[in-house]
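Student: Provided herewith is a single structure, encoded as structure tokens, for subsequent inquiry.
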Amino acid sequence: MTESVDIEGIDQIIDKYQAEPSSLIQVLLEIQAQHHWLPKEALERISERLQVPLTQILHIATFYKAFSLVPKGRHEIHICMGTACHVRGAQRVLDTVQDATGIKPGETDLDLRFSLDTVNCLGCCALGPVMEIDGKTHGNISVAETTEVLESYE
């Protein structure tokens, strides 16, 4: 399951920010977007090139929820569990996603197709229950629609 890290690609991202230590978060965000996670080899290269201690990079990478130190699926599913979504059936949507994918919140399936997380609010309470996949919002979603939406991703 280990994919080799394209050091040249990492260097291009770092060079885009002139290897400035102050650009650390931007560099991490771009690598995360490209790889769907932050591989150790990439973090070591960033540390070397930006001259920022690896421990500091790891502190930032574990502090922000946007970053992951483990591989994520090609499609990231977020289920809103906030009050408005909860009272409109978010738990049923979550149960359906778990049954369809075989994963629980915080997990990624073995073929790296889906990662699942719950969130407290997606900012569209009037559309509850809400499921977001790869940034696309699916509001007022029923259990049947949940399955259809999941099947439309690969």
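Student: Please determine, by comparing only the residues of the range 1-20 that are of a type in the set (D, E, K, R) and either in contact with a Ser or Thr (Cβ under 7 Å, 6 or more places away or on another chain) or modelled with pLDDT under 90 (or both), which one is surrounded by the most Cβ atoms within 10 Å (Cβ to Cβ).
Tutor: Of the residues in the range 1-20, the ones of a type in the set (D, E, K, R) are 3, 6, 8, 11, 15-16, 20.
The next check asks that each one be either in contact with a Ser or Thr (Cβ under 7 Å, 6 or more places away or on another chain) or modelled with pLDDT under 90 (or both); those that pass are 3, 6.
Working: GLU3: 11, ASP6: 14.
That would be ASP6.
Student: Does any residue of the range 102-115 turn out to be within 23 Å of ILE7 (Cβ to Cβ) and either among the aliphatic types (A, V, I, L, M) or outside the structural domain of ILE14 (by TED's automatic domain parsing) (or both)?
Tutor: Checked against the condition, which is being within 23 Å of ILE7 (Cβ to Cβ) and either among the aliphatic types (A, V, I, L, M) or outside the structural domain of ILE14 (by TED's automatic domain parsing) (or both), the range 102-115 yields at least one hit.
Student: Something else now. Examine the range 134-152 for a residue that is in contact with a Cys (Cβ under 9 Å, 6 or more places away or on another chain) and either loosely packed, with under 13 Cβ neighbours inside 10 Å or in the same structural domain as SER23 (by TED's automatic domain parsing) (or both), and state whether such a residue exists. Give the steps one after another, and end with the answer.
Tutor: Quick first cut of the range 134-152, residues in contact with a Cys (Cβ under 9 Å, 6 or more places away or on another chain) only: 137, 139.
Checking which are either loosely packed, with under 13 Cβ neighbours inside 10 Å or in the same structural domain as SER23 (by TED's automatic domain parsing) (or both) leaves us with none.
There is no residue in the range 134-152 that is in contact with a Cys (Cβ under 9 Å, 6 or more places away or on another chain) and either loosely packed, with under 13 Cβ neighbours inside 10 Å or in the same structural domain as SER23 (by TED's automatic domain parsing) (or both).
Student: Just a yes or no: is a residue in the range 105-127 out of contact with any Asp or Glu (no Cβ under 9 Å at 6 or more places or on another chain), among the β-branched types (Val, Ile, Thr) and over 24 Å from GLU30 (Cα atoms)?
Tutor: no
This table checks each residue for (1) surrounded by fewer than 16 Cβ atoms within 10 Å (Cβ to Cβ); (2) at pLDDT 95 or above; (3) under 20 Å from the mean Cα position of the chain (by Cα); (4) among the hydroxyl-bearing types (Ser, Thr, Tyr).
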{"residue": "HIS78", "(1), (2), (3), (4)": "no, yes, yes, no"}
{"residue": "MET81", "(1), (2), (3), (4)": "no, yes, yes, no"}
{"residue": "ARG88", "(1), (2), (3), (4)": "no, yes, no, no"}
{"residue": "GLN91", "(1), (2), (3), (4)": "yes, yes, no, no"}
{"residue": "ASP95", "(1), (2), (3), (4)": "yes, yes, yes, no"}
{"residue": "GLY102", "(1), (2), (3), (4)": "yes, yes, yes, no"}
{"residue": "PRO105", "(1), (2), (3), (4)": "no, yes, yes, no"}
{"residue": "LEU110", "(1), (2), (3), (4)": "yes, no, yes, no"}
{"residue": "PHE114", "(1), (2), (3), (4)": "no, yes, yes, no"}
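Per-residue answers, yes or no, for (1) of a type outside the set (D, E, K, R); (2) touching a strand residue (DSSP E or B) at 6+ places or on another chain (Cβ under 7 Å); (3) in a helix (DSSP H, G or I); (4) within 23 Å of ASP134 (Cα to Cα):
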| residue | (1), (2), (3), (4) |
| --- | --- |
| LEU28 | yes, no, yes, yes |
| VAL52 | yes, no, no, no |
| LEU69 | yes, no, no, yes |
| VAL93 | yes, yes, yes, yes |
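Student: Which of (1) polar (S, T, N, Q); (2) surrounded by 14 or more Cβ atoms within 10 Å (Cβ to Cβ); (3) in contact with a Gly (Cβ under 8 Å, 6 or more places away or on another chain) does THR118 not meet, given it meets every other one?
Tutor: Status for THR118: all satisfied but (3).
Student: Something else about it: Being within 19 Å of GLU145 (Cα to Cα) and of a type outside the set (A, V, I, L, M) is the filter here; which residues of the range 100-112 pass it?
Tutor: Of the residues in the range 100-112, the ones within 19 Å of GLU145 (Cα to Cα) are 100-103.
Matches in the range 100-112: THR101, GLY102.
Student: Return yes when LYS65 is at pLDDT 95 or above, surrounded by fewer than 13 Cβ atoms within 10 Å (Cβ to Cβ) and assigned to a loop (DSSP other than H, G, I, E, B) and no when it is not.
Tutor: no
The values are calculated or read from the model by the stated rules, or taken from the named source; none is laboratory data. Please read these numbers as outputs of a predicted model, since none were measured by experiment. Methodologically, a virtual Cβ is constructed for each residue, glycine included, from the backbone with ideal geometry; neighbour enumeration extends over all protein chains shown.
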